[in-house]
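K.L.:
My questions will all concern the structure given below.
The values are calculated or read from the model by the stated rules, or taken from the named source; none is laboratory data. Small disclaimer: the values here were computed from a predicted structure and weren't measured. With ideal geometry, Cβ positions are generated from the backbone for all residues, glycine too; neighbour counts draw on all protein chains shown.
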Amino acid sequence: MDGTVIAYYENYIPVGDILVLSICLTFVILIHAAYVNRTTGFLIFRHLVTSLAIAAALNLIFHIGMNALGSISSHPLYLLRISYHAALYAHFFLYILYIGTIMHLEKAERRIYVRIGGVGFIALLAFEFFGFVFRYGFYIDETLTAHRGFPFFSVGYVFYLGVVLFMAVRFRERIYTRILLGVLQTVGMSFLLIVTQDMFNQKSFTAASFLFPMLALMYLVHANPYDLEIGAVNAAGFEDRVRVSLKYGRELLMMSILLPEYETSGRRFSEDIHKTIRHFASTYFKDAVLFQVSSGRMILTMETRRNPDYEEKVRESLEQFRLEHDKFKLEHKIVITKTIDSVSEQNDYVGLIQYVERHMPENTVHMIARQDVENYMRHHRLIRQLAEIYNRGDLEDEHIEAYCQPVLNLRTGRYDTAETLMRLRLGESELIMPEDFIPLAEEYGYITVLSRIILNKTCAAVHRLLEDGYRVERISVNFSMIDLRDPEFCPRITGIIRDNGIPSEKIAIELTESQNEKDFMLAKEKISELHESGVKFYLDDFGTGYSNFERIMELPFDIIKFDRSLVVASATDPESETMVSYLARMFNDMDYAVLYEGIENAEDEKRCAGMCARYLQGYRYSMPIPIERLTEFFDLAAC
């Protein structure tokens with residue numbers, strides 16, 4: 001072989017192209033091993049991988065052919081070389097399509113750049129082809145000497161690189177700045193590699209230089225939790241940032257915004273909102289990172305040491321936000337906090353923020369204080385305790401305690417009935433009232449087990465009272481509509497009563513009326529089924545909501561409990577007393593027993609006794625007491 005040929009190609013080593021083929025194969029393996037959203041951008045990315053792998057393979061085969069020059073014709077080598085460059089030009093052309101896709105260019109805008117890329121592709125290949133034919137480009141002469149000729153590929157490389165960079169800069173506002181800079185920096189590294197290999201007369205790493213932007217795209221766009229349009233990282237990324245800040249003792253400032261409209265609907269933000277979010281995420285703080293932890297919640301984080309003037313910047317950003325709110329009119333809640341070790345250890349800032357938001361009006365800003373954290377930690381312990389009780393499912397669970405408030409039976413003049421009230425023992429000493437944990441138990445789905453536990457403890461207490469000879473007409477237990485939705489509600493109730501060996505009529509279930517049609521039909525079905533077994537039913541809190549008398553009469557209640565508000569109203573003026581008295585008389589005439597709750601003094605007792613009362617309940621008689629102390633109020637049957 002002629003020495004010129006050897007001199008031109010001996011600097012080529014196959015390791016560069018083999019590396020490209022290996023990494024492209026790795027891309028394929030990773031894509032199939034992990035879930036990646038099959039967006040249009042991702043489909044183009046797969047073609048980018050394919051085109052680069054083809055280019056590397058063609059270049060490898062081309063150089064193998066050059067080493068065999070003399071034993072094979074030069075024409076296949078021309079075809080391999082122009083195909084190699086065509087694959088690289090196609091790779092660049094795909095970048096144009098890719099940018100147009102991920103930046104959501106309008107069809108007309110996208111078409112312009114596609115045409116520029118297509119014309120360039122055809123022109124460059126034509127020049128290379130005619131360079132072979134007319135010998136002003138790469139060609140092999142009759143003496144088997146290879147001539148480089150005019151560097152068409154270098155011109156094509158610069159042309160396509162210019163188009164891609166122009167598009168990236170021209171439409172930079174449509175993508176998060178940190179992502180754009182990350183990709184552009186890898187493009188710069190690729191260009192540097194091309195220049196460096198030319199300085200050393202190398203041709204081994206041309207295809208390899210295309211790997212850097214592809215690695216950036218795979219990580220930042222398709223495998224990274226970034227949202228391209230607003231630059232937000234997902235919830236897992238947020239938890240990782242908290243973990244790292246705790247590990248290295250770096251204090252973070254967090255600004256959370258909740259947009260309830262998007263949280264409940266799951267809709268994506270409009271382009272105007274995307275633009276506004278990008279502005280806030282990149283303008284006010286150094287090295288701030290935005291996280292989208294749910295459909296409508298974003299948390300902006302920054303290190304306070306990198307932002308010593310963060311207090312002033314927070315004020316500036318909130319003032320600008322108010323101006324933006326005037327434009328978008330979106331309901332929101334903003335919570336601001338610095339990292340707190342006790343919360344960071346649990347990595348539960350989202351839970352803390354959600355807890356604080358419960359008590360915030362719409363369109364307000366709240367800076368988390370120490371008391372908020374203390375309240376939340378107690379709230380967190382409550383939920384954990386409820387979860388443990390639920391998971392154990394032990395009907396004798398010692399953390400649930402049964403308290404009772406005795407009820408005066410005006411017909412017998414005795415205390416022979418009572419209402420069971422639940423208490424939660426948090427830790428060893430703290431006793432939690434129902435209003436503090438029942439709503440949480442209902443929200444998290446733990447209430448059904450708690451209701452069965454308190455029913456079981458009530459039945460056990462009734463059994464002991466009867467065994468000891470006390471008069472017990474009945475004891476009532478509160479249940480929620482959530483309990484009634486359990487398909488096994490009726491069998492569970494009758495099973496607990498039966499297992500404790502007491503008559504069914506000694507237990508009553510208290511329910512609050514519901515306006516939900518489905519719940520009404522469900523209640524009607526369950527009440528009717530249990531009523532046949534002897535269980536009694538109370539309508540609780542009558543007078544606090546919308547009372548549909550027709551529906552009340554459709555349900556076989558035994559007792560109507562008049563809420564304390566009606567007791568208070570009856571004391572305000574004669575007209576209110578007449579109204580309450582009329583309602584009570586109406587129920588009494590229809591064979592419903594009327595129970596007034598919230599009796600606090602002798603005046604309440606006298607007035608309600610004159611308004612068709614059958615039962616009276618309230619602090620005048622007793623505050624709630626442990627169920628074991630009912631013996632202090634109930635009489636022995638022999639007395």
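K.L.:
I'm trying to understand the selection: among the residues of the range 418-433, which are in contact with a helix residue (DSSP H, G or I) (Cβ under 8 Å, 6 or more places away or on another chain) and either more than 26 Å from Thr631 (Cβ to Cβ) or part of a loop (DSSP other than H, G, I, E, B) (or both)?
P.N.:
Correct list: Leu426, Gly427.
K.L.:
Sticking with this structure for a sec: So, of the residues in the range 284-315 that are among the hydroxyl-bearing types (Ser, Thr, Tyr), more than 24 Å from the chain's Cα centre (by Cα) and under 15 Å from Lys338 (Cα atoms), which turns out to be surrounded by the most Cβ atoms within 10 Å (Cβ to Cβ)?
P.N.:
Top of the filtered list is Tyr310.
K.L.:
Hey, another quick one. Among the residues of the range 609-639, how many are assigned to a helix (DSSP H, G or I) and among the aromatic types (Phe, Trp, Tyr)?
P.N.:
0
K.L.:
Inside the range 468-492, can you point out the residues that are crowded, with 18+ Cβ neighbours inside 10 Å, over 23 Å from Ala593 (Cα atoms) and of a type in the set (Gly, Ala, Ser)?
P.N.:
Scanning the range 468-492 gives no hits.
K.L.:
Please determine whether any residue of the range 345-358 is outside any strand (DSSP E or B), surrounded by fewer than 12 Cβ atoms within 10 Å (Cβ to Cβ) and outside the structural domain of Phe437 (by TED's automatic domain parsing).
P.N.:
Within the range 345-358, one or more residues are outside any strand (DSSP E or B), surrounded by fewer than 12 Cβ atoms within 10 Å (Cβ to Cβ) and outside the structural domain of Phe437 (by TED's automatic domain parsing).
K.L.:
Scan (1) assigned to a helix (DSSP H, G or I); (2) surrounded by fewer than 20 Cβ atoms within 10 Å (Cβ to Cβ) for the single condition Tyr136 breaks and write down its number.
P.N.:
For Tyr136, the failing item is (1).
K.L.:
Look at Val155 and say whether it is assigned to a helix (DSSP H, G or I) and under 57 Å from the mean Cα position of the chain (by Cα).
P.N.:
Considered against the rule, which asks whether it is assigned to a helix (DSSP H, G or I) and under 57 Å from the mean Cα position of the chain (by Cα), Val155 comes out as yes.
K.L.:
Take the range 270-283 and flag every residue that is crowded, with 20+ Cβ neighbours inside 10 Å and either farther than 16 Å from His104 by Cβ or not basic (Lys, Arg) (or both).
P.N.:
His274, Ile277, Phe280, Ala281
K.L.:
Something else now. Looking at the range 359-380, which of its residues are outside any helix (DSSP H, G or I) and loosely packed, with under 12 Cβ neighbours inside 10 Å?
P.N.:
Across the range 359-380, the qualifying residues are His359, Pro361, Glu362, Thr364, Ala369.
K.L.:
List the helices (runs of 4 or more DSSP H) that sit entirely inside the range 168-236 and contain at least 3 residues that are in contact with a Cys (Cβ under 6 Å, 6 or more places away or on another chain) and either modelled with pLDDT under 80 or not assigned by TED's automatic domain parsing to the domain that holds Arg81 (or both).
P.N.:
none
K.L.:
Another question, then. Looking at (1) in contact with a strand residue (DSSP E or B) (Cβ under 9 Å, 6 or more places away or on another chain); (2) of a type outside the set (A, V, I, L, M); (3) under 21 Å from Leu440 (Cα atoms), find the lone condition where Asn375 falls short.
P.N.:
The number of the failed condition is (1).
K.L.:
Could I ask something else about it? Among the residues of the range 266-281, write down those that are under 21 Å from Val335 (Cβ atoms), part of a helix (DSSP H, G or I) and out of contact with any Gly (no Cβ under 7 Å at 6 or more places or on another chain).
P.N.:
Ile273, Thr276, Ile277, His279, Phe280
K.L.:
For Leu330, only one of the following conditions fails: (1) part of a loop (DSSP other than H, G, I, E, B); (2) closer than 22 Å to Asp372 by Cβ; (3) not β-branched (Val, Ile, Thr). What is its number?
P.N.:
(2)
K.L.:
Quick test for you: out of Arg322, Arg384, pick the one residue that is assigned to a helix (DSSP H, G or I), within 27 Å of Glu442 (Cα to Cα) and among the basic types (Lys, Arg).
P.N.:
Arg384
K.L.:
Does Gly117 satisfy the criteria of being touching a helix residue (DSSP H, G or I) at 6+ places or on another chain (Cβ under 7 Å) and not hydroxyl-bearing (Ser, Thr, Tyr)?
P.N.:
Taking the combined requirement at face value, the residue satisfies it.
K.L.:
OK, next. Those residues that are in contact with a Phe, Trp or Tyr (Cβ under 6 Å, 6 or more places away or on another chain) and assigned to a helix (DSSP H, G or I), I need them from the range 439-457; list them, please.
P.N.:
Val449, Ser451 - these are the residues of the range 439-457 that are in contact with a Phe, Trp or Tyr (Cβ under 6 Å, 6 or more places away or on another chain) and assigned to a helix (DSSP H, G or I).
K.L.:
Let me ask another. Pairs please, first residue from the range 316-334 and farther than 18 Å from Pro260 by Cβ, second anywhere and among the hydroxyl-bearing types (Ser, Thr, Tyr), Cβ atoms under 7 Å, 6+ apart in sequence or on different chains.
P.N.:
Glu316/Tyr284; Ser317/Tyr284
K.L.:
Which count do you get for residues in the range 344-363 that are under 18 Å from Asp436 (Cβ atoms) and among the hydroxyl-bearing types (Ser, Thr, Tyr)?
P.N.:
Qualifying residue count, the range 344-363: 1.
K.L.:
Restricting attention to the range 43-56, which residues are surrounded by 19 or more Cβ atoms within 10 Å (Cβ to Cβ) and among the hydrophobic types (A, V, I, L, M, F, W, C)?
P.N.:
Ile44, Phe45, Leu48, Val49, Leu52, Ala53, Ile54, Ala55, Ala56
K.L.:
Determine, yes or no, whether Ser83 is out of contact with any helix residue (DSSP H, G or I) (no Cβ under 7 Å at 6 or more places or on another chain), surrounded by fewer than 21 Cβ atoms within 10 Å (Cβ to Cβ), of a type in the set (Gly, Ala, Ser) and under 13 Å from Phe132 (Cβ atoms).
P.N.:
Criteria not met by Ser83.
K.L.:
Within the range 615-623, does at least one residue satisfy the condition of being surrounded by fewer than 21 Cβ atoms within 10 Å (Cβ to Cβ) and either more than 20 Å from Ile475 (Cα to Cα) or free of Cβ contacts under 8 Å to residues at least 12 places away in the same chain (or both)?
P.N.:
no
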